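Here's the structure, in structure tokens; my notes come after.
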Amino acid sequence: MSTKDVKTMRIAPKVWRNGEFIDWGNARVHVMTHAIHYGSSVFEGIRAYNTERGTAIFRLTEHIQRLLNSAKVYRMDITYNREELCQAAVELVRGGGMEECYLRPIIFRGLNEEKPAFGVYPLHNPIDCYIAAWDWGKYLGEEAIESGVDVCVSSWTRTPANSLPAVAKAGANYMNSQLIKMEAVLGGFVEGIALDDRGYVSEGSGENIFLVNNGKLITPPLGASILPGITRDSVIAIARELGIEIVETSIQRAALYLADELFFTGTAAEITPIRSVDRITVGAGKRGEITKQLQDVFFDVIYGRRPAPNNAPWLTYVNDAEEKKTATASAKE
Ligand code: PMP
């Protein structure tokens with residue numbers, strides 16, 4: 001199996017669906033699928049990197065665990081356990097011959113065509129589970145990692161966690177994200193930062209946010225309606241290892257303007273510096289020293305050039321299982 005081009009993007013030719021691999025072109029749903037009407041989906045975004053030891057998926061277990069947590073919150077019963085879903089992701093990347101890619105596992109309420117249920121009440125609808133993969137470059141632009149992005153504070157409030165739980169990465173949350181992102185892009189910015197319902201800094205439409213002030217790293221707490229980002233967690237672990245103090249606290253809007261450095265974290269955005277907010281220059285208006293230091297370690301870790309903090313198993317090498325199989329086979333010969 002090889003990768004193919006679908007228009008300009010390299011996409012894995014197969015999609016994993018409910019335990020089997022199907023062709024990309026057959027991964028379709030009916031228009032009366034519950035998730036399309038009522039937002040009943042939970043999903044993940046995961047990256048695989050081309051390391052010196054071959055392709056490795058970054059923090060796969062943690063992402064799949066967050067997916068299962070999201071599903072649990074919405075009472076979606078999944079037939080597959082964490083290991084099976086991790087295995088499916090590994091096989092998808094390996095089978096597609098993807099060197100680097102973005103993985104999108106998604107679980108949603110589907111449609112039973114024999115016994116359709118069209119109302120809001122979701123529990124009569126089947127649960128469908130898919131994983132697709134494609135090659136996705138730098139989310140906020142190729143230049144962004146070095147030169148930073150211009151962002152605005154959104155006029156939209158981040159959905160409060162007692163309306164839509166922030167711990168769950170649900171499709172419905174992304175209607176709020178789309179309002180934030182559209183307003184930002186149409187206003188000439190790359191991204192928008194939302195405040196929470198108390199007026200404190202929450203997060204970007206698809207990223208967590210960090211400030212650097214006097215050498216300290218400051219980030220909103222989980223209580224600020226933020227997704228518990230896996231990149232956020234990685235950056236905190238790296239900062240600890242580097243001896244940088246981390247403070248999780250409520251952040252006022254104006255503190256964004258006054259920060260020495262500011263950056264986003266996310267699977268898609270990785271660590272992206274922010275050079276201005278609402279057209280006010282942040283710090284020196286370019287990537288700051290601590291941001292660069294964190295990026296350097298982060299990229300070394302994701303490319304397997306340096307162990308993760310505490311030697312944590314953050315990389316799943318997709319060819320390891322294959323190598324083990326071959327090793328066993330040759331041992332038997
Ligand atoms: N917040 C939101 C709203 C997101 O969509 C994402 C991307 N998943 C993040 C934060 C960052 O999370 P992670 O580092 O796990 O990708």
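The values are calculated or read from the model by the stated rules, or taken from the named source; none is laboratory data. Keep in mind the model is a prediction, meaning the values are calculated, not measured. Backbone-built Cβ (ideal geometry, glycine too); neighbour counts: all protein chains shown. Each accessible area value is taken on the protein alone, full model and side chains, heavy atoms only, with ligands, DNA and RNA left out. Shrake-Rupley method; radii C 1.70, N 1.55, O 1.52, S 1.80 Å.
For this structure, a couple of remarks:
- Comparing mean-square fluctuations of N112, N162, N81 from a GNM of the chain with C-alpha springs under 10 Å, the top value falls on N162.
- Across K115/K138; K72/K216; K72/K181; K72/K292; K72/K286, pairs whose alpha-carbon gap is larger than 32 Å: K115/K138; K72/K216; K72/K292; K72/K286
- Computed on region 144-302, with alpha-carbon pairs under 8 angstrom and 6+ residues apart, the relative contact order is 27 percent.
- Accessible surface calculations at 1.4 Å, restricted to protein heavy atoms, place the chain at 47 Å² per residue.
- Surface/4 of the Cα convex hull for the chain, nm²: 18.6
- Model label sites at E20 and K216, defined 7 Å from Cα along the beta-carbon direction, differ in position by 5.8 nm.
- Sequence-distant contacts, meaning Cα pairs under 8 Å at least 6 residues apart, place the relative contact order of the chain at 19 percent.
- Highest-MSF residue in the chain out of V318, V282, V120 [GNM, Cα springs under 10 Å]: V120
- When the Cα gyration tensor is reduced to axis lengths a ≥ b ≥ c, the ratio a/c is 1.5 or higher for region 80-219, and with a/b not above b/c it is classed as oblate.
- Between T79 and R279, the distance separating the two model label sites (each 7 Å from Cα on the Cα→Cβ line) works out to 5.6 nm.
- Cross-link partners of K169 among aspartates and glutamates, defined as those whose alpha carbon lies under 15 angstrom from its own and excluding same-chain residues fewer than eight positions apart: E44, E62, E203, E207.
- Nearest-0.05 FRET efficiency for H30 and A312, computed from C-beta distance (R0 51 Å): 0.75
- A Förster distance of 30 Å, applied to the separation of the beta-carbon atoms of K286 and Q178, puts the FRET efficiency at 0.55.
- Each peptide in 234-246, 99-111 receives the mean, over its residues, of other Cβ atoms within 10 Å, and ordering these scores from highest gives 99-111, 234-246.
- The heavy atoms of T33 offer some 10 square angstrom of accessible surface to a 1.4 angstrom probe.
- Site pair R305 and N69 shows an inter-label distance of 3.1 nm when each label is modelled 7 Å from Cα along Cα→Cβ.
- 19 Å cut-off, amide nitrogen to a point 7 angstrom out along E100 Cα→Cβ, residues in region 134-151: 134-149
- Portion, in percent, of the accessible area of region 3-134 that falls on carbon or sulfur, probe 1.4 Å: 49
- Distance between the C-alpha centres of region 90-168 and region 256-298: 25 Å, rounded to the whole angstrom.
- Among A88, A284, A168, residue whose mean-square fluctuation peaks in a GNM of the chain (springs only between Cα atoms under 10 Å): A284
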